[in-house]
Amino acid sequence: MESSFNRSLATDGTATVTVHGEIDFANCDELAACARDAVEEWTPSLVRVDLRDATFVDSTGLGALIEGYKAAIGAGLRFIVVNPTATFRRVLDVTGLSDLFGLSEGLGDGLSGAEAPESAQATGA
């Protein structure tokens with residue numbers, strides 16, 4: 001089975017975890033592990049989770065993002081979420097996670113509502 005998550009280390013020392021498809025109960029542990037591994041193996045200055053290609057997230061997916069956040073912050077690193085769809089951004093806003101994930105700083109708004117795919121779905125708390 002192909003992974004829905006990829007991680008990469010840029011030459012500037014920042015790590016990016018890229019999400020493809022759904023984040024749910026079936027793969028949330030994999031996302032959390034991907035973020036933790038980036039922190040532990042690379043100690044980047046910043047961990048960025050790119051949600052541009054995320055199509056769905058449930059509450060377990062939000063929990064995986066929080067685990068990644070805790071791993072980064074625990075190691076003294078910054079953690080941000082970028083490029084959420086408009087629907088996913090609303091879920092992060094309603095749950096209060098936008099501030100935690102750096103979206104209120106203007107760092108993560110890669111898509112405006114007009115650019116968000118119609119097919120993207122999100123659920124949460």
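The values are calculated or read from the model by the stated rules, or taken from the named source; none is laboratory data. Just so you know, these numbers come straight off a predicted model, no measurement behind them. Because the Cβ atoms are built from the backbone with ideal geometry, glycine has one as well, and the counts that use them run over all protein chains shown.
Of everything in the stretch 67-88 that's among the aliphatic types (A, V, I, L, M), under 18 Å from A33 (Cβ atoms) and more than 9 Å from the chain's Cα centre (by Cα), which residue is surrounded by the most Cβ atoms within 10 Å (Cβ to Cβ)?
If we filter the stretch 67-88 for residues that are among the aliphatic types (A, V, I, L, M), which is where we start, we get 71-73, 75, 77, 80-82, 86.
Now restrict to residues that are under 18 Å from A33 (Cβ atoms): 71-73, 75, 77, 81.
Retained after the next criterion (residues that are more than 9 Å from the chain's Cα centre (by Cα)): 71-73, 75, 77.
Details: A71: 20, A72: 23, I73: 14, A75: 14, L77: 19.
Across the stretch 67-88, the extreme among qualifying residues is A72.
Check whether at least one residue in the stretch 34-46 is touching an Asp or Glu at 6+ places or on another chain (Cβ under 6 Å) and among the hydroxyl-bearing types (S, T, Y), and report yes or no. Looking for residues that are touching an Asp or Glu at 6+ places or on another chain (Cβ under 6 Å) and among the hydroxyl-bearing types (S, T, Y), one finds none in the stretch 34-46, hence no. Taken as a whole, the structure places S45 among residues that are surrounded by fewer than 19 Cβ atoms within 10 Å (Cβ to Cβ) and touching a strand residue (DSSP E or B) at 6+ places or on another chain (Cβ under 9 Å). Would you mind stating whether A33 is modelled with pLDDT of 95 or more, outside any strand (DSSP E or B) and more than 15 Å from A71 (Cα to Cα)? So A33 does not fit the description; no.
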